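*Asks:* Here's a structure for you.
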Amino acid sequence: MRILLVGAGLSGAVIGRRLAEAGHSCRIIDSRSHIGGNCYTERDAETGIMMHVYGPHIFHTDDEEVWNYVNGFTDFMPFQNRVKATAQGGVYSLPINLLTINQFFGKTLHPDEARAFIAEKADSSITEPRNFEEQALRLVGRELYEAFFKGYTEKQWGCSPTELPASILKRLPLRFNYDDNYFFHRFQGIPRDGYTPMFDAILDHPNISVELNTAYTPEMAAEADHVFWSGPLDGYFSYELGHLGYRTLDFERFTYGGDYQGCAVMNYGDRDVPYTRVTEHKHFSPWESHEGSVCHREYSRAAEPGDIPYYPIRLVTEKALLEKYIARAEATKGVTFVGRLGTYRYLDMDVTIREALDTAEAFLAGNDSNEAPPAFLKSPR
Ligand SMILES: Cc1cc2nc3c(=O)[nH]c(=O)nc-3n(C[C@H](O)[C@H](O)[C@H](O)COP(=O)(O)OP(=O)(O)OC[C@H]3O[C@@H](n4cnc5c(N)ncnc54)[C@H](O)[C@@H]3O)c2cc1C
């Protein structure tokens with residue numbers, strides 16, 4: 001079959017590879033000038049440092065098959081994300097752990113003492129939290145909430161934490177030990193030479209052709225037997241019903257002659273600091289050695305038409321509009337909507353790959369039994 005895949009990010013590349021291996025002819029297009037979607041990395045022309053162009057990307061997963069899959073295409077180096085936060089005049093360890101608690105409150109508490117201490121700080125009068133703020137107060141109390149959650153969340157989401165659902169803070173965001181590894185997953189790493197060579201390898205198959213600087217047109221679909229769409233769901237329908245809400249990011253680049261902050265990611269919790277975090281890219285490749293440094297200050301704001309959509313805002317209004325687009329998509333024949341934009345969900349890389357592999361397998365199985373592929377293999381709801 002002639003398959004058109006819109007987007008050369010993880011979704012398009014992984015589905016394309018599997019279908020190419022099964023003998024289908026895969027045409028992958030991307031409106032950007034490069035492969036890799038938001039995982040794209042490149043060396044900074046001035047400093048030679050590997051840059052995570054669309055924000056820091058650390059691969060972490062418990063899915064051994066996915067881990068083996070990516071390691072089949074590139075060499076990963078061990079990497080654990082150890083984030084720091086500047087707030088209220090101090091520098092602290094994140095996620096909030098025993099070191100954070102002891103430093104923040106000027107204590108020398110042992111784990112059980114810290115647990116009891118935080119239980120006293122937590123607002124036990126809140127039994128049914130109605131929003132993010134109440135949930136945070138219930139779990140960690142006002143001081144930690146104001147230092148590490150309130151300002152950061154306001155900047156990240158552009159609204160008061162009282163307007164966000166409590167479900168965002170599902171689990172207790174506290175550790176009563178000194179574990180400061182940001183992720184819990186068994187497998188964690190970053191490709192030695194950045195993510196782009198991994199995409200080169202995935203896309204390197206005789207049945208795959210890649211066209212960059214190429215935006216989708218309906219004529220392309222007419223030439224294909226099936227389309228996998230990893231662009232924005234509303235974009236497929238030319239935003240006819242309105243735009244699904246997203247947050248976008250602005251990255252402000254600056255260089256420094258040495259080590260600027262001593263770690264890869266520094267969050268800024270205070271509301272009067274306009275950016276949410278600073279990433280210092282050379283710390284994502286600690287196996288390399290660089291004299292100079294290049295950093296990004298990261299600012300979050302509402303996406304306007306034409307901006308890169310980063311984080312879906314899934315509040316009540318967006319969900320209502322999403323339902324309408326889902327109905328449109330389900331009534332559309334010959335297109336499967338995939339990935340973070342096609343299904344309007346935040347997806348980590350490992351989940352994106354898992355869903356892409358499953359989508360490709362389901363497509364191949366459906367082909368064998370003459371079943372038409374559905375609009376969504378993973379529901380956007
Ligand atoms: C700031 C940030 C940090 C992240 N950090 C991590 C992390 O540390 N760890 C982790 O596991 N995950 C992380 N992620 C998630 C990761 O980026 C995604 O899992 C991954 O990029 C999803 O791949 P995708 O192919 O679905 O989408 P994308 O990478 O967005 O690819 C979609 C592609 O489609 C193209 N496209 C769109 N519309 C059209 C069109 N009309 N015509 C042609 N092409 C089109 C786009 O140009 C894009 O290249 C992060 C995400 C963000 C936003």
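*Asks:* Please determine, by comparing only the residues of the range 298-314 that are among the hydrophobic types (A, V, I, L, M, F, W, C) and away from the ligand (no atom under 12 Å from the Cβ), which one is surrounded by the fewest Cβ atoms within 10 Å (Cβ to Cβ).
*Replies:* Ranking the qualifying residues of the range 298-314, first place goes to Ala302.
*Asks:* Another question about this same structure. If you take the residues of the range 209-230 that are of a type in the set (Gly, Ala, Ser) and assigned to a helix (DSSP H, G or I), which of them is nearest to Ser33 (Cα to Cα)?
*Replies:* Ala221
*Asks:* Looking at (1) buried (at least 18 other Cβ atoms within 10 Å of the Cβ); (2) part of a loop (DSSP other than H, G, I, E, B); (3) more than 9 Å from the ligand (Cβ to nearest atom); (4) of a type in the set (A, V, I, L, M, F, W, C), find the lone condition where Trp67 falls short.
*Replies:* Every condition holds for Trp67 apart from (2).
*Asks:* Report every pair of residues separated by at least 6 positions or lying on different chains whose Cβ atoms are under 8 Å apart, first residue within the range 339-352 and farther than 18 Å from Phe237 by Cβ and touching a residue at least 12 places away in the same chain (Cβ under 8 Å), second among the aromatic types (Phe, Trp, Tyr) and more than 7 Å from the ligand (Cβ to nearest atom).
*Replies:* Asp350/Trp67
*Asks:* Looking at the structure I just gave you, is Gly55 in the same structural domain as Ala13 (by TED's automatic domain parsing) and either closer than 30 Å to Pro197 by Cβ or at pLDDT below 95 (or both)?
*Replies:* no
*Asks:* Considering only residues that are away from the ligand (no atom under 11 Å from the Cβ) and farther than 19 Å from Asp350 by Cβ, which ones fall in the range 4-43?
*Replies:* If the condition is that a residue be away from the ligand (no atom under 11 Å from the Cβ) and farther than 19 Å from Asp350 by Cβ, then Leu19, Ala20, Glu21, Ala22, Gly23, His24, Ser25, Cys26, Arg27, Glu42, Arg43 are the ones that fit.
*Asks:* Which one of Leu98, Leu109 is more than 16 Å from the ligand (Cβ to nearest atom) and surrounded by fewer than 18 Cβ atoms within 10 Å (Cβ to Cβ)?
*Replies:* Among Leu98, Leu109, only Leu109 is more than 16 Å from the ligand (Cβ to nearest atom) and surrounded by fewer than 18 Cβ atoms within 10 Å (Cβ to Cβ).
*Asks:* Let me ask something else about it. Mind listing whichever residues of the range 163-208 are outside any helix (DSSP H, G or I), polar (S, T, N, Q) and surrounded by 14 or more Cβ atoms within 10 Å (Cβ to Cβ)?
*Replies:* Correct list: Asn181, Gln188, Asn207.
*Asks:* Can you say whether Gly72 is near the ligand (Cβ under 10 Å from one of its atoms) and more than 27 Å from Ala119 (Cβ to Cβ), as far as the supplied structure shows?
*Replies:* Against the criterion (near the ligand (Cβ under 10 Å from one of its atoms) and more than 27 Å from Ala119 (Cβ to Cβ)), Gly72 does not qualify.
*Asks:* Give the range 292-325 a look and list any residue that's aromatic (Phe, Trp, Tyr) and under 30 Å from Tyr256 (Cα atoms), or say none.
*Replies:* Result: Tyr299, Tyr310, Tyr311.
Residues are listed down the side, and each one gets a yes or a no for (1) polar (S, T, N, Q); (2) closer than 25 Å to Pro218 by Cβ; (3) exposed (fewer than 15 other Cβ atoms within 10 Å of the Cβ):
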residue: Val316; (1), (2), (3): no, no, yes
residue: Ala320; (1), (2), (3): no, no, yes
residue: Ala327; (1), (2), (3): no, yes, yes
residue: Gly334; (1), (2), (3): no, yes, yes
residue: Val338; (1), (2), (3): no, yes, no
residue: Asp348; (1), (2), (3): no, no, no
residue: Thr359; (1), (2), (3): yes, yes, no
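*Asks:* Kindly establish whether Glu46 is away from the ligand (no atom under 13 Å from the Cβ) and outside the structural domain of Gly141 (by TED's automatic domain parsing).
*Replies:* So Glu46 fits the description; yes.
The values are calculated or read from the model by the stated rules, or taken from the named source; none is laboratory data. Computed from a prediction, not measured in an experiment: that's the story for all the values here. When we count neighbours, we look across all protein chains shown, and the Cβ atoms used for this are built from the backbone with ideal geometry, even at glycine.
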